[in-house]
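The values are calculated or read from the model by the stated rules, or taken from the named source; none is laboratory data. Because the structure is a prediction, the values reported are computed rather than measured. Backbone-built Cβ (ideal geometry, glycine too); neighbour counts: all protein chains shown. Please note that ligands, DNA and RNA were not included when accessible areas were found on the heavy atoms of the full protein model with its side chains. Shrake-Rupley method; radii C 1.70, N 1.55, O 1.52, S 1.80 Å.
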Amino acid sequence: MFNKNSFDRAVTIKGYGSYKRTTSESKIQEIKSVPGDSPLKVKPTIIKDLKEYIDFVNGLETTFKNPVFYRGQTNADYLLTPNCLRVNPKNEHLMIEAFSRRFYDELKKCHYSMEQLMLMQHYQLPTRCLDVSESPLMALYFACSHMKKFRAKITTPEEEDWGEIILFRDPDDYEQEKPEQLKSIDSSNISIIANTAFMEDDFSLWHLGARWKKDVDVGHDENYIDVRTIVRRSYIVRVPQNNPRIRNQRGAFIMANANMAYIEGREDESKKLTKEILDKGYVTYRQLNEHGWGKKGSTGDLRFKKITPYSEDNEISIFETDPFDLKRLFYKKDDIQQVVLIPPDKKQNILNELKKLYITEDFVYPDMDNVANEISEQINK
């Protein structure tokens, strides 16, 4: 972790590997890769201006059918965790219920549960949607800017952190899926994850199936729900560009999910079942029955429990370092993850360069009040 009170020593950035940073008082000056023992190999590219970043992007393998998606973060030490799953997943459905009561009519206009989550995300309710973009320049802006719209306090240059851009790409060899099969909001897998968000902390396959069938087709049978998706799976999803903000941001989402299979009063068996689902690749409830789990035809017997990632409650070893199965989605070259790091003292210069391309906060958030504030600042400064 970046610890500004430690000097000239190798540190680990959230599992990416070991790095050495040289400090002068509290300001990070540079970061150098040093040999590490991280299970995930990572190649960080440090960029100091817009030209270096464009050169990096030009070297990526990306197509319309199988594009690269980007996520910019102002602090390279932030974990990739959706807002509602950072602390206590038990609060997720409570926030959704409270929002739904107040905006019942608006949410009823949505055809899919994923659409409802998108609407909540738009109005800053914490959800399990992890924002990404198909625009590399938009990600660069997010990595450098603290966004006045959401800023709690002004960050001084001495307090600034390294920025980071994480790259994602749908793996084209995953389960024989083709690159053109990028998920959309009406995908069955996306529906499973989205509807999991509406479940209580402890829920059954039957209850999840009741919501899922409304999204996909009333003729579907919850016996055939992909159980691995319920337990631990994340997908990139392209969403409708149906408002100015998401159009300007070239927005998309990663739908994140992490649960344990749960057998009431039988903790050891719960862990064993969860691990078997992950390790042996059981796909449906019917396949679980064939291997001796549950009672045939009774999907209410199979239950799940939301887990808190990166905590002592997370007792399944496969969840410890990658609870949302995101490593599968990282953009890699020769099996080495590619990330971009931005030095703290280069952020403002990069923002000035982006401003010349009209990539500013009022473009990123083209709401009327935000545009008015930006106009006022530009003219009256």
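Side notes on the structure shown:
- Computed from the C-beta positions of ASP268 and ARG245 and an R0 of 41 Å, the FRET efficiency is 0.30 to the nearest 0.05.
- Added length on full extension, which subtracts the Cα-Cα distance from 0.36 nm per residue, ASN75 to LYS41: 10.2 nm
- Sparse packing (at most 10 other Cβ atoms within 10 Å of the Cβ) combined with a DSSP loop state is found for the following chymotrypsin sites (Phe, Trp or Tyr not before Pro) in the stretch 38-97: PHE64.
- If a spin label sat at a point 7 angstrom from the Cα of TYR310 along the line to its beta carbon, the backbone N atoms of the stretch 58-83 nearer than 19 Å would be those of 71-83.
- Solvent-accessible area, 1.4 Å probe, carbon plus sulfur percent, for the stretch 52-153: 53
- Protein heavy-atom surface of the stretch 208-271, 1.4 angstrom probe: 44% of the accessible area is carbon and sulfur, with nucleic acids and ligands not counted.
- Which of ASN223, ILE193, TRP212, positive extreme of dipole for the stretch 183-233 (C-beta unit charges): ILE193
- Scaled radius of gyration (Cα, divided by 2.2 N^0.38 Å) that the stretch 321-363 gives: 1.71
- FRET efficiency for THR62 and ASP279, using Cβ-Cβ distance with R0 set to 30 Å, rounded to 0.05: 0.40
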